[in-house]
1. Just checking, which of 102, 90, 109, 151 is surrounded by 12 or more Cβ atoms within 10 Å (Cβ to Cβ) and in contact with a strand residue (DSSP E or B) (Cβ under 8 Å, 6 or more places away or on another chain)?
2. Tell me which residues, restricted to region 223-267, are crowded, with 18+ Cβ neighbours inside 10 Å and either in contact with a helix residue (DSSP H, G or I) (Cβ under 8 Å, 6 or more places away or on another chain) or assigned to a strand (DSSP E or B) (or both).
3. Being under 16 Å from residue 61 (Cα atoms), modelled with pLDDT of 95 or more, assigned by TED's automatic domain parsing to the domain that holds residue 222 and touching a strand residue (DSSP E or B) at 6+ places or on another chain (Cβ under 8 Å): is that true of residue 236 here?
4. With respect to the numbered conditions (1) surrounded by fewer than 16 Cβ atoms within 10 Å (Cβ to Cβ); (2) under 20 Å from residue 105 (Cα atoms); (3) at pLDDT 95 or above, which one is the sole condition not fulfilled by residue 197?
5. Would you check which residues across region 353-374 are under 15 Å from residue 331 (Cα atoms) and out of contact with any helix residue (DSSP H, G or I) (no Cβ under 7 Å at 6 or more places or on another chain) and list them?
6. Answer with yes or no whether residue 140 is part of a helix (DSSP H, G or I), touching a helix residue (DSSP H, G or I) at 6+ places or on another chain (Cβ under 7 Å) and either free of Cβ contacts under 8 Å to residues at least 12 places away in the same chain or exposed (fewer than 15 other Cβ atoms within 10 Å of the Cβ) (or both).
7. Can you spot a residue in region 174-187 that is within 22 Å of the chain's Cα centre (by Cα) and under 29 Å from residue 91 (Cα atoms)?
8. In the list 157, 196, which residue meets the criterion of being assigned by TED's automatic domain parsing to the domain that holds residue 126 and farther than 21 Å from residue 112 by Cα?
């Protein structure tokens with residue numbers, strides 16, 4: 001019998017024998033007693049672990065915000081005239097009532113003198129008419145003059161009284177116009193750049209005004225949150241409005257890249273309705289801003305703390321994985337009868353809560369003190385043995401000042 005005939009005759013038994021051998025090898029490699037499970041014949045995968053920690057965790061809501069001055073006033077002239085003098089420097093801090101500018105007062109002084117002259121003339125006529133009325137009253141009692149003449153004189157007195165009142169109003173108006181020729185700061189704050197120079201003719205209708213006053217110490221941050229988070233904010237805000245002894249809700253202002261904390265303030269107000277166009281609600285926070293870290297119209301990331309989770313179970317964020325059945329972690333338990341640093345991992349389904357870039361809160365499925373795998377997860381399966389190469393600490397929750 002030649003070789004070709006032998007292969008044709010025994011081809012099927014050889015194939016089946018090879019298949020059985022392969023299956024036996026696979027069973028030995030991946031069974032509970034195989035080297036992959038026991039670490040015999042194959043190195044146990046190294047992992048880095050961390051211990052679940054119970055701690056108080058602040059719950060933050062993030063929104064995009066814009067810095068606004070707490071006071072923003074455009075100083076404008078109330079009268080028309082020539083600007084004589086400016087009494088401020090750009091960027092200067094002023095207090096309410098400080099003199100900022102003077103308008104030529106001569107036209108207003110002349111108008112005041114004219115109004116006072118009219119008042120004096122009409123007051124004299126009134127005094128004379130009153131004296132005549134007193135004489136007519138005596139003559140009427142003795143029937144020396146007709147009653148109609150007395151009534152006519154009394155009407156004349158009333159007419160002069162009205163004229164005098166109008167003159168007094170004209171004097172007050174002229175005096176007010178003269179006072180308006182001296183422009184003072186209506187509020188305290190920091191001055192911006194001036195819009196007009198000395199010698200220019202200015203009007204009360206000028207849109208640019210003279211200068212703008214803003215107050216940035218304190219300042220406000222206007223930011224928005226999605227309507228789905230209103231239920232977390234509104235009850236806490238209303239509770240503090242009713243009970244002033246409760247501390248206000250803290251708000252943090254971070255820079256555009258969310259790398260630097262700029263300032264810490266508190267929630268000042270909450271809008272009374274949701275914007276139907278954007279599906280968001282507007283909120284305003286107040287910041288002391290004594291170091292001028294915040295500047296008007298600056299973009300910031302606002303973080304509002306609405307509550308604190310007490311004794312929450314936390315792990316590093318990298319320990320929580322997402323699978324087809326939901327979120328899970330690998331819990332590492334010491335392996336009995338083995339060397340120190342060896343452990344057996346088991347897959348544990350969990351329900352995560354608040355999650356940040358560094359830390360995750362586990363609401364269900366894990367207890368404080370249990371050890372979870374943080375690195376080396378790609379080589380793990382439920383029930384295999386691992387080598388604990390290193391350990392790390394669960395990040396501490398962010399402290400709120």
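1. Numbers: 90 fails: surrounded by 12 or more Cβ atoms within 10 Å (Cβ to Cβ); 109 fails: in contact with a strand residue (DSSP E or B) (Cβ under 8 Å, 6 or more places away or on another chain); 151 fails: in contact with a strand residue (DSSP E or B) (Cβ under 8 Å, 6 or more places away or on another chain).
Being surrounded by 12 or more Cβ atoms within 10 Å (Cβ to Cβ) and in contact with a strand residue (DSSP E or B) (Cβ under 8 Å, 6 or more places away or on another chain) holds for just one of 102, 90, 109, 151, which is 102.
2. 223, 224, 225, 249, 250, 251, 252, 253, 262, 263, 265, 267
3. Working: under 16 Å from residue 61 (Cα atoms): yes; modelled with pLDDT of 95 or more: no; assigned by TED's automatic domain parsing to the domain that holds residue 222: yes; touching a strand residue (DSSP E or B) at 6+ places or on another chain (Cβ under 8 Å): yes.
Against the criterion (under 16 Å from residue 61 (Cα atoms), modelled with pLDDT of 95 or more, assigned by TED's automatic domain parsing to the domain that holds residue 222 and touching a strand residue (DSSP E or B) at 6+ places or on another chain (Cβ under 8 Å)), residue 236 does not qualify.
4. Of the numbered conditions (1) surrounded by fewer than 16 Cβ atoms within 10 Å (Cβ to Cβ); (2) under 20 Å from residue 105 (Cα atoms); (3) at pLDDT 95 or above, the odd one out for residue 197 is (3).
5. Result: 362, 364, 365, 366, 367, 368, 369, 370, 371.
6. Values: part of a helix (DSSP H, G or I): yes; touching a helix residue (DSSP H, G or I) at 6+ places or on another chain (Cβ under 7 Å): yes; either free of Cβ contacts under 8 Å to residues at least 12 places away in the same chain or exposed (fewer than 15 other Cβ atoms within 10 Å of the Cβ) (or both): yes.
Yes, satisfied.
7. At the first step, the residues of region 174-187 found to be within 22 Å of the chain's Cα centre (by Cα) are none.
No: zero hits.
8. Details: 196 fails: assigned by TED's automatic domain parsing to the domain that holds residue 126.
157 is the lone residue from the list that is assigned by TED's automatic domain parsing to the domain that holds residue 126 and farther than 21 Å from residue 112 by Cα.
The values are calculated or read from the model by the stated rules, or taken from the named source; none is laboratory data. The structure displayed is predicted, hence computed values, not measured ones. Every residue, glycine among them, receives a Cβ derived from its backbone with ideal geometry; neighbour counts consider all protein chains shown.
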